[in-house]
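The values are calculated or read from the model by the stated rules, or taken from the named source; none is laboratory data. Because the structure is predicted, anything quoted here is derived from the model rather than measured. Every residue, glycine among them, receives a Cβ derived from its backbone with ideal geometry; neighbour counts consider all protein chains shown. We work out accessible area using only protein heavy atoms, side chains counted, and drop any ligands, DNA or RNA first. Shrake-Rupley method; radii C 1.70, N 1.55, O 1.52, S 1.80 Å.
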Amino acid sequence: MKKHDQDFMKRQNRLTVFEIIKNQPPISRASIAKQTGMSATTISRIVGELTEQGYILESEQVSAGLGRKSTLLGLIDASVLSIGIELDRHKISVGVVDLQGKAVCSEVHGHFPDERFETTMMRIGKIVGDLLRKGGIDPARVVGIGVGLPGIVNNETGIVVFSVQMGWKNVRLAELLKDLTGFEVAVDNELKVKALAEHLKGSAIGSNRTALIGFGNGVGSSLIIDGEIYRGDMNSAGEIGHTTIDPNGMLCECGKAGCLQTYVNISSLLLEASKIRQVHTIEELFEAKKAGERWAVHLVDRALMYMSITVNNIVCMYNPDSVILSGELVDKFPDIYEEVKELCSTTLVWEPLRESYRFLRSELNEQGVLIGSGLLAQTRFFTLE
Ligand SMILES: [Zn+2]
């Protein structure tokens, strides 16, 4: 075996052992060996290294039959921390995430859509520094920064290829933020890290094929298959907002006609509503619907139908075991979740598949992207270390 293949194997083994201790504490060395098929010597070496680096807590000895004792292993949650960041058109959320995916502390700051990229990065650098200081957190324990944002992101280079919401094109986010903070930076699409967070720590624990659909300022989806984010060739798998629903439909900001998002995203709904009367927020539109104003009822009902059609298309295409509805529209209006669920289970999902998946709502809600980004930074650290 070549030297770098050996190194790769060693890192993979180390990560596997680490993940098992993280997910099944307290656990004995023998059970880890049994689950992984690695030799007792390999397990002992890896556990030794991890203990030396301050990650592992050995707990009480218990009887393992016939008077034999075995030591159980667990992780020290605060031994690895990362910074999770969610970027959105209007806000920047920054938090410190521990090994269990808990946000130890977090803050939300405003973002101005026309702020220069460099200015935003400098502000984030300062927010991170201040947060660590205020939280009394030792920067040496922070293994990296993860950033989740809407748009097409090259997750390997950390370059944001294209983000309409942020107004960025080909910006070297990871590089600049690393220069400003000194931390390694991982960048990814927001829905991909959100699905990862729900899969690891939220509503889809135990699912092997998770589909997450986000309805908000944009429309998108992401897929976790056997624990891995499905990325496609350009890390843009799941950009369903621009799937064509009606070639004769409304014009989309992308230049095509009849894209899915023109029927369901917040700005399209407001634009359509304004043909009847000036509506400034999505809340006003839903109030008009509640009051029974015909145009509003029509607009919202049509959006609900297209959301359900989206679920059907995803279910037919990927046959997931879980579908999570998320995003600003679903978070703000719990009725949307119930109504889409009802439409899917009664009519709009193809009948043979109606019972094939769990219909879930996001459990981590507005912290999902922040937590997922933090977990991404941790995974990156353990894979590369
Ligand atoms: Zn489009």
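Details
- Unique residue being in contact (Cβ under 8 Å) with a residue 12 or more places away in the chain, open to solvent by less than 60 Å² (accessible area, probe 1.4 Å) and in the same structural domain as residue 266 (by TED's automatic domain parsing) when the list is 238, 232: 238
- Among the candidates 260, 325, the residue that is at pLDDT 95 or above, within 16 Å of the ligand (Cβ to nearest atom) and assigned by TED's automatic domain parsing to the domain that holds residue 338 is uniquely 260.
- Looking only at residues in the range 254-271 that are part of a loop (DSSP other than H, G, I, E, B) and open to solvent by less than 10 Å² (accessible area, probe 1.4 Å), the one that is farthest from residue 331 (Cα to Cα) is 258.
- Every condition in (1) out of contact with any Phe, Trp or Tyr (no Cβ under 9 Å at 6 or more places or on another chain); (2) modelled with pLDDT of 95 or more; (3) open to solvent by 50 Å² or more (accessible area, probe 1.4 Å) is met by residue 341 except one, and the failing one is (1).
- Beta carbons closer than 6 Å, at least 6 apart along the sequence or on distinct chains, pair a first residue in the range 166-178 that is modelled with pLDDT of 95 or more with a second that is open to solvent by 60 Å² or more (accessible area, probe 1.4 Å) and assigned to a strand (DSSP E or B) for 169/162.
- Of all the numbered requirements in (1) open to solvent by 20 Å² or more (accessible area, probe 1.4 Å); (2) within 16 Å of the ligand (Cβ to nearest atom); (3) within 17 Å of residue 148 (Cβ to Cβ), residue 248 misses one, and that requirement is (3).
- With respect to the stated conditions, residue 83 is assigned by TED's automatic domain parsing to the domain that holds residue 131 and touching a residue at least 60 places away in the same chain (Cβ under 8 Å).
- Beta carbons closer than 8 Å, at least 6 apart along the sequence or on distinct chains, pair a first residue in the range 249-277 that is in contact (Cβ under 8 Å) with a residue 60 or more places away in the chain with a second that is within 11 Å of the ligand (Cβ to nearest atom) and open to solvent by 40 Å² or more (accessible area, probe 1.4 Å) for 253/164.
- In the range 350-383, residue most open to solvent (accessible area, probe 1.4 Å) [restricted to those that are more than 18 Å from the chain's Cα centre (by Cα) and touching a residue at least 24 places away in the same chain (Cβ under 8 Å)]: 350
- Count - residues of the range 217-227 that are touching a helix residue (DSSP H, G or I) at 6+ places or on another chain (Cβ under 9 Å) and open to solvent by 50 Å² or more (accessible area, probe 1.4 Å): 2
- Scanning the range 1-39 for residues that are surrounded by 13 or more Cβ atoms within 10 Å (Cβ to Cβ) and among the hydroxyl-bearing types (Ser, Thr, Tyr) gives 16, 28, 31, 36.
- Test result for residue 301, farther than 29 Å from residue 161 by Cβ and either in contact (Cβ under 8 Å) with a residue 60 or more places away in the chain or open to solvent by less than 10 Å² (accessible area, probe 1.4 Å) (or both): no
- Restricting the range 109-120 to residues that are surrounded by 15 or more Cβ atoms within 10 Å (Cβ to Cβ) and within 28 Å of residue 201 (Cβ to Cβ), the residue that is modelled with the highest pLDDT is 120.
- From the options 197, 186, 204, residue that is open to solvent by less than 10 Å² (accessible area, probe 1.4 Å), in a strand (DSSP E or B) and in contact with a helix residue (DSSP H, G or I) (Cβ under 8 Å, 6 or more places away or on another chain): 186
- Pairing each residue of the range 110-137 that is closer than 14 Å to residue 93 by Cβ with any residue that is open to solvent by 30 Å² or more (accessible area, probe 1.4 Å) and in a helix (DSSP H, G or I), provided the two are 6+ apart or on different chains, yields C-beta distances under 9 Å for 111/123; 124/180; 124/181; 128/180; 128/181.
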